[in-house]
There are 2 protein chains.
Amino acid sequence: MISQLIEKIQKTKAPICVGLDPMLGYIPEHIVKEAMAQHGETLKGAAEAVWQFNKEIVDHTYDLIPAVKPQIAMYEQFGIEGLIVYKRTVDYCREKGLVVIGDVKRGDIGSTSAAYAAGHLGHVKVGGTMLAGFDTEFITVNPYLGTDGVKPFVDVCSKEDKGIFVLVKTSNPSSGEFQDRLIDGRPLYELVAEKVVEWGNQSMDKDYSNVGAVVGATYPEMSKILRKLMPRNYFLVPGYGAQGGTAEDLRYCFNEDGLGAIVNSSRGIIAAYKQDKYSRFGADHFGEASRQAVIDMVADINRVL
Amino acid sequence: MISQLIEKIQKTKAPICVGLDPMLGYIPEHIVKEAMAQHGETLKGAAEAVWQFNKEIVDHTYDLIPAVKPQIAMYEQFGIEGLIVYKRTVDYCREKGLVVIGDVKRGDIGSTSAAYAAGHLGHVKVGGTMLAGFDTEFITVNPYLGTDGVKPFVDVCSKEDKGIFVLVKTSNPSSGEFQDRLIDGRPLYELVAEKVVEWGNQSMDKDYSNVGAVVGATYPEMSKILRKLMPRNYFLVPGYGAQGGTAEDLRYCFNEDGLGAIVNSSRGIIAAYKQDKYSRFGADHFGEASRQAVIDMVADINRVL
């Protein structure tokens with residue numbers, strides 16, 4: 001699966017993904033009003049607003065980008081109705097030729113991780129039939145439970161040609177609280193990185209592994225070390241833009257071949273119309289604002305590659 | 001919320017919860033057949049079988065126990081249809097007077113954790129209306145992202161009288177891979193435990209905190225230390241029975257007041273009819289087998305308290 005993602009990155013010349021993390025506050029009023037008029041102030045109404053918002057953004061950006069990264073929490077907050085729209089978004093993006101990275105951060109003991117892996121990446125056996133639940137190309141995985149919690153995801157990657165990104169060093173301010181603590185003189189995230197290499201070796205796909213790593217853009221010195229530790233594991237890089245990461249900070253996430261990382265931006269793209277820089281588009285043309293923000297982000301990143 | 005759970009534990013004299021983790025392989029054939037006859041070999045068919053299975057188990061055990069712990073992965077594997085049955089199960093258990101601990105192991109950066117907390121424990125604001133998504137009493141939370149990833153859950157605990165159990169030391173074989181690594185001479189799980197105390201102090205409810213800890217039954221020596229480190233944080237204890245933890249192993253999870261822990265059993269209860277010990281009930285009376293297994297588990301644990 002990673003080779004398919006790389007191919008799309010090379011074709012679009014855009015090592016980025018758009019984070020479809022639609023907080024209600026990001027959605028223009030005319031969309032919310034219309035959805036509430038149809039469904040009232042209900043979870044269904046909220047979910048409908050999210051769907052209309054997503055569709056407009058995907059329609060205005062899909063030809064420029066290789067992938068999207070919906071954050072499932074933003075859908076789960078609206079319960080079942082939200083998850084129906086998560087699935088609808090996944091399917092729509094697939095139709096548009098996009099790779100979908102489900103940002104689900106799942107992880108549990110072995111048999112439970114196997115269920116998550118089946119539901120999000122693979123298939124579940126019902127009677128004699130293999131059925132897909134959410135069927136995304138990639139998901140993110142939390143490593144706190146160790147190898148037997150991650151292995152079922154890796155197995156599905158190999159068996160069904162899918163991929164995962166394991167949390168190594170996250171972009172948030174308190175990520176260091178546990179991740180940076182020294183073990184035998186080295187931070188925990190380096191130990192996790194070494195395991196990612198080990199897990200990754202079990203699911204190679206041409207030059208890179210289907211097992212990648214989440215490495216935040218907000219800690220460039222750490223990216224430099226992690227890039228060397230995990231030369232064949234792709235990085236999913238959150239934290240660019242709204243969270244404070246700059247294009248310069250990203251340089252170290254890439255290998256010399258210009259590959260090795262895909263940078264996410266959520267708010268910076270999907271709520272672009274709210275920024276002074278793109279306010280000329282107005283809320284009515286928020287999709288066009290997002291398109292311009294994608295073009296600008298790609299140029300910004302390619303500048304340092 | 002923890003005081004409500006304690007009250008129910010004292011009333012039932014059963015410091016246990018039943019893990020509603022319905023793998024299809026656990027469900028008696030007559031239920032699966034009936035569901036498939038109605039809906040075919042579809043996700044809806046699988047979900048219907050899960051629902052019928054859950055209902056029978058809850059109907060046969062609800063008067064003996066304080067709480068259930070549905071593992072959301074077992075529902076998520078069937079996509080939207082599975083999650084509809086997760087919600088249905090939550091609502092049904094609530095009607096039966098049970099506390100519901102959603103075993104979701106969520107955790108992300110701050111704004112994302114806030115969305116999970118709203119969806120699973122609290123309410124989300126849609127227009128001027130506050131709406132609940134899954135609305136469980138407790139959920140489990142993964143601490144790998146540190147304080148700013150956990151704080152939004154704690155805030156909802158205080159605001160909406162709910163609770164969480166943070167993963168400290170999990171029951172699986174490879175849990176030690178990261179959790180046991182020494183930092184300044186002490187294992188990572190002890191550092192997490194100290195943070196649990198800190199987070200917990202922000203949401204006290206009488207003698208205990210709404211912020212508890214997941215501590216596996218499979219590592220009794222560690223439970224002993226963790227019990228002392230977190231005297232006012234309730235333990236949710238997986239690993240009893242099928243995973244190898246015995247009643248003797250559990251002793252250290254409890255405080256001297258006989259409180260402080262709630263022990264989960266999943267397979268050992270819900271698939272009891274498959275054990276030699278309960279085979280006399282047969283698949284047709286699997287609910288009664290589960291009831292007997294609950295009675296036996298409660299006696300086994302009370303023996304060591």
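Key figures
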quantity	calculated
Antiparallel bridges, percent of DSSP beta bridges restricted to chain B (to nearest 5)	20 percent
Copies compared at residue B:198 - label distances in nm, ascending, label defined 7 Å from Cα in the Cβ direction	2.9
Descending Cα extents along the principal axes, the protein assembly as shown, whole Å	69, 57, 46
Chain B, relative contact order [Cα under 8 Å, separation at least 6], %	18 percent
Convex hull volume of the stretch A:105-153 per residue (C-alpha atoms, cubic angstrom)	61 Å³
For residue A:128, label point 7 Å along C-beta direction: distances to other copies, nm	5.9
Compactness relative to 2.2 N^0.38 Å, alpha carbon Rg of the stretch B:1-58	1.53
Distance from the stretch A:85-146 to the stretch A:216-230 (C-alpha centre basis), Å	27 Å
Fraction of the pair-distance distribution of chain B above 38 Å, Cα-Cα pairs, percent	10 percent
P(r), alpha carbons of the stretch A:111-255 - 5 Å bins starting at zero, rounded %	2, 10, 19, 21, 18, 14, 9, 3, 2, 1, 0
222 nm mean residue ellipticity, helices alone, for chain B (DSSP H n ≥ 4; -39,500 (n - 2.57); rounded to 500)	-14000 deg cm²/dmol
Length-normalised contact order of the stretch A:62-114 in % [C-alpha pairs under 8 Å, at least 6 apart]	45 percent
Listed residues B:259, B:20, B:131, most fluctuating in chain B (Gaussian network, C-alpha, under 10 Å)	B:131
DSSP bridge orientation in the stretch A:153-305 - percent antiparallel, rounded to nearest 5	25 percent
Percent breakdown of C-alpha pair distances by 5 Å bin, ordered from the shortest bin, for the stretch A:31-182	2, 9, 15, 18, 17, 16, 12, 7, 3, 1, 0
Shortest-first nm distances, residue B:296 label point to equivalent points in other copies (7 Å, Cα→Cβ)	6.7
Rh by Kirkwood over Cα pairs, then Stokes-Einstein D for the stretch B:135-207 at 1.567 mPa s and 4 °C, µm²/s	98 µm²/s
DSSP-defined beta bridges in the protein assembly as shown - what % are antiparallel, rounded to 5	20 percent
The stretch B:1-99: Rg to Rh, with Rh as the Kirkwood radius over Cα pairs	1.02
P(r) of the stretch B:182-305 over all Cα-Cα pairs, binned every 10 Å from zero, in whole percent	13, 37, 28, 15, 6, 0
Fraction of alpha-carbon pairs over 17 Å apart in the stretch B:58-129 - percent	53 percent
More than 21 angstrom apart: percent of Cα pairs within the stretch A:207-270	16 percent
Highest-fluctuation residue, B:93, B:253, B:157 considered, GNM on chain B with Cα pairs under 10 Å	B:93
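Any read-out appearing in this document is the output of simple, stated calculations on the displayed coordinates, not a laboratory observation. In this text the structure is predicted, and so the values were computed from the model without any measurement. Virtual Cβ from ideal backbone geometry, glycine too; neighbours counted across all protein chains shown.
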